1. Hey, does segment 367-375 have a residue that's small (Gly, Ala, Ser) and touching a Gly at 6+ places or on another chain (Cβ under 8 Å)?
2. Mind checking which residues of segment 45-66 are of a type outside the set (A, V, I, L, M, F, W, C), in a strand (DSSP E or B) and at pLDDT below 90?
3. Please count how many residues of segment 154-185 are touching a residue at least 60 places away in the same chain (Cβ under 8 Å) and of a type outside the set (A, V, I, L, M).
4. Which condition breaks for Asn187 when tested against (1) within 16 Å of Met72 (Cα to Cα); (2) not in a strand (DSSP E or B)?
5. Report yes if some residue within segment 174-181 is in contact with a Leu (Cβ under 9 Å, 6 or more places away or on another chain) and buried (at least 19 other Cβ atoms within 10 Å of the Cβ); otherwise report no.
6. Name the residue that is surrounded by the most Cβ atoms within 10 Å (Cβ to Cβ), counting only residues in segment 154-171 that are of a type in the set (D, E, K, R) and more than 20 Å from Pro252 (Cα to Cα).
7. Please find, within segment 99-147, the residue that is surrounded by the most Cβ atoms within 10 Å (Cβ to Cβ) out of those that are touching a strand residue (DSSP E or B) at 6+ places or on another chain (Cβ under 6 Å) and farther than 27 Å from Gly157 by Cβ.
8. With the condition being of a type in the set (A, V, I, L, M), I'd like the strands (runs of 3 or more DSSP E) fully within segment 79-163 carrying at least 3 qualifying residues.
Amino acid sequence: NPFRTDWLQSYGTPLIESKSVNLFAAGNNFTAKLYNASEADYGNYTCVSQNKHGVAMSTVEISGRPTVKTTMHWIRGLDGSRSAELVCEVHSPNPSRTIWLRSGGSPLVHGESVHLYVDHNNHSARFNNVSERDYGNYTCVSENKYGISMSTVEVSGKPTVKATVQWKRGMDGSRGAELVCTAHSANPSRTDWLRSDLSPLVYGESVHLSVAGHNHTAKFIKITERDYGNYTCVSQNKYGIAMNTVEISGIPAVTTRVHWTRGVNGSLDAELVCVVQGATPSTTRWMRDDGTWLLQDESVYLSTAGNNYTATFKNISERDYGNYTCVSLNKYGMTMDTVQLSGKPKITTILQWTSHLNGSISAKLVCTAYSSKSSNTRWIRDDGSPLLDGDIVQLSISDNSYTVTFKDVGEAHYGNYTCVSHSEWGISMETVVLSGESAQDLRRTITHSKVDGQITGSMSQSSGAHDPTRAQTGTGSRNCSSANTSEGSTRIKSTIKSKIVITKEKHSYTIKV
């Protein structure tokens, strides 16, 4: 039945459209967008919907407290050992302190069997060679001046499973589907696919079953309506059982993402990409906040490539901000997914280590910020104080990149550093960590590589005498030689030097000489 829906503030008054609040409806979604939220906006907000049959409501909270989300990943080592990685994703409008706690409440400490590290918003704890003594609950706790948030994950011997559906197009135009179950287990396990009636999927002419590493795949050669239904992946070992269910249906499956780029003239462009998978051909379009279809014009270009439906915005401005929904429809039903274009800055950070000829190590923190409006970007320490240019720290700006260079990294510099970019549309931040582990990783990488950490050599010529010398450091060497010169020539001395720059991204290193 027709109904009326409103957002109410903590004290019961309705939320009203203003410069800082945007209210809009798209289909069944009633959205209140608060720009540049501050302490004045913190509180409870209640959605109230009413029709002739009654009233329904639901309440959410906006607060300055961090939001945390935890996940766990199993990793198989080259020697067959099992490692576990706990990842805590933290988002906070203010600098926060984040730690991992064991079941008994004691903090996890970096050591031989547990490695702690931070990558942007992800605070990770990696257990090497997991055994039964490591099993238990682990809680990620993040705290800032507004409050505390926490989330718990379990490390146990029972399997973990994740099931997905991947649609395939046959050479004859038919649609096939692959059900992929990724099963991780601390001990050997048995994994099966079950139909809706719990009968096991059996290898046959229309269904092929295969196993590759952790992936247990059921491949449907040619999907028909009789194949529609739920399929459950079940994995079991001596510690317990785990299962995950997916559905094969004729309704399209859609996923959306936003890709930002900088134009040649410095303008900020955006691509909205909608990826559609379905058993039958579908009609797919992009819809604006107000329910109208997105149409091609001078600033918006619509294109289709395979299953990808793309809307490209050139020179993004305020009039383009808002939610955009990809709607895909076929004879079985409709699916939609929404993404947001917002004016708040988009930032990425990297950490680059450099080994120098004198044995010292320097580090560069690079923050690249994109914003359609003028923004204020700076680096801050753990305690919220800004990094300032000085003898030890050098600050520089080049185009959209804000760089901090630590000339000679030592223990005094270890810690978290956050890039904060703020415009009138909001605030964005990302954190990187300088740690002794990272510096040791760098030294180990240089030692184990076949590249000289430092190459120096000399070649001397006097009165036509030929005197090659050999330059050696670490495990590498370079031969230096020269051509003969005429009698009476002056003594020539040459030095060959090599500078190594190593960029670390998670667990991989890029070495440039």
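1. Going residue by residue through segment 367-375, those that are small (Gly, Ala, Ser) are 369, 371-372, 374-375.
Subsequent filtering for residues that are touching a Gly at 6+ places or on another chain (Cβ under 8 Å) retains 371-372.
Within segment 367-375 (the criterion being small (Gly, Ala, Ser) and touching a Gly at 6+ places or on another chain (Cβ under 8 Å)), the answer is yes, since at least one residue qualifies.
2. Filtering segment 45-66 for residues of a type outside the set (A, V, I, L, M, F, W, C) gives 45-46, 49-54, 58-59, 61, 63-66.
Checking which are in a strand (DSSP E or B) leaves us with 45-46, 49-51, 54, 58-59, 61.
If the condition is that a residue be of a type outside the set (A, V, I, L, M, F, W, C), in a strand (DSSP E or B) and at pLDDT below 90, then Gln50, Asn51, Gly54, Glu61 are the ones that fit.
3. Step one: filter segment 154-185 for residues touching a residue at least 60 places away in the same chain (Cβ under 8 Å), giving 154-167, 175, 177, 179, 181, 184-185.
So of that shortlist, the ones also of a type outside the set (A, V, I, L, M) come out as 154, 156-160, 162, 164, 166-167, 175, 181, 184-185.
Adding up the residues that qualify gives 14.
4. Against the list (1) within 16 Å of Met72 (Cα to Cα); (2) not in a strand (DSSP E or B), Asn187 comes up short only on (1).
5. In the first step, residues of segment 174-181 are kept if they are in contact with a Leu (Cβ under 9 Å, 6 or more places away or on another chain); the result is 179.
Within this subset, residues satisfying the condition of being buried (at least 19 other Cβ atoms within 10 Å of the Cβ) are 179.
Yes, segment 174-181 contains at least one residue that is in contact with a Leu (Cβ under 9 Å, 6 or more places away or on another chain) and buried (at least 19 other Cβ atoms within 10 Å of the Cβ).
6. The first filter runs over segment 154-171 and keeps only residues of a type in the set (D, E, K, R), leaving 154, 158, 162, 168-169.
Then drop every residue that is not more than 20 Å from Pro252 (Cα to Cα), which leaves 154, 158, 162.
On the way: Glu154: 14, Lys158: 19, Lys162: 14.
My answer is Lys158.
7. Ser142
8. Numbers: elements: 82-91, 97-101, 114-119, 122-127, 136-144, 147-155.
Ranges flagged: 82-91, 114-119, 147-155.
The values are calculated or read from the model by the stated rules, or taken from the named source; none is laboratory data. Bear in mind the structure is a predicted one, so any value in this text is a computation, not a measurement. All Cβ positions, glycine included, derive from the backbone under ideal geometry; neighbour counts span all protein chains shown.
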